[in-house]
Amino acid sequence: MTTKLQRRLESLSVRIAKIARLRTWQLLVILLLLTFVSATLLRLNNIGMIERRAAVLAADKSGDKAKIASSLLELQRYVSAHMNASLENGLYLESSYARDRDRAIAAAASANNPSSEVYKQASLDCRSRFVGGVASFRNDYVQCVVQRVGSLSPGQDPAAGLKLPRADLYRYDFISPAWTPDPAGFSVLLTLLLALWIAARWLRFALVWLLIKRRFVRIYS
């Protein structure tokens, strides 16, 4: 084990020595290539998140709860294992919310509710105005029903008969780590290390130049 480790260390030191012998312009070319590769891999990570988010939204529209749960879990695992894969503005299960919201309104309009006719009429009046879309998820449709019930039955609390689902329970937001041990992460790490190497080389050259300049000033002063 010790011999193998020594061989690996010797091989690594040889590679580092070869890199150290490269000219600065050669290192800059390598840095440019690494930057391009890193940007491409980071973009691929983001595309992977977009594809899995689309799968969640498709499952949400289908109404298959098991599929929704599995696709959400897959999305969460992917985001937590890949950098540059955050959900930006989050994810809304709009179709699931709309179904549960409609069930709540239908329950309020059922025969067991003394005010069922009022809720039925309010639901019919508002349905033509808000049919799906982001507006319905913002509770515009629900607010319309509540306001319509209040106008049709002034002496009644319009929200009392509605057991609406909480909209925030249908929102998911997964944030990826700042760095992950995936191809994009290692590429970014190599890019940063090479950039630091080049900066250190330039700093060393600057210090040597200053020392030489001071020595010449002392000699000829």
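Summary of values
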| read-out | value |
| --- | --- |
| Residue in the stretch 36-55 that is surrounded by 14 or more Cβ atoms within 10 Å (Cβ to Cβ), at pLDDT 95 or above, of a type in the set (S, T, N, Q) and farther than 30 Å from TYR170 by Cβ present | yes |
| Enumeration of residues in the stretch 65-107 that are modelled with pLDDT under 95, of a type in the set (Asp, Glu) and out of contact with any Phe, Trp or Tyr (no Cβ under 7 Å at 6 or more places or on another chain) | GLU88, ASP100, ASP102 |
| Subset of the stretch 61-108 that is in the same structural domain as TRP179 (by TED's automatic domain parsing) and among the β-branched types (Val, Ile, Thr) - its residue that is nearest to LYS163 (Cα to Cα) | ILE68 |
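The values are calculated or read from the model by the stated rules, or taken from the named source; none is laboratory data. Worth saying up front: this structure is predicted, and the values here are computed from it rather than measured. Quick reminder, even Gly has a Cβ in these numbers, built from the backbone with ideal geometry, and neighbours come from all protein chains shown.
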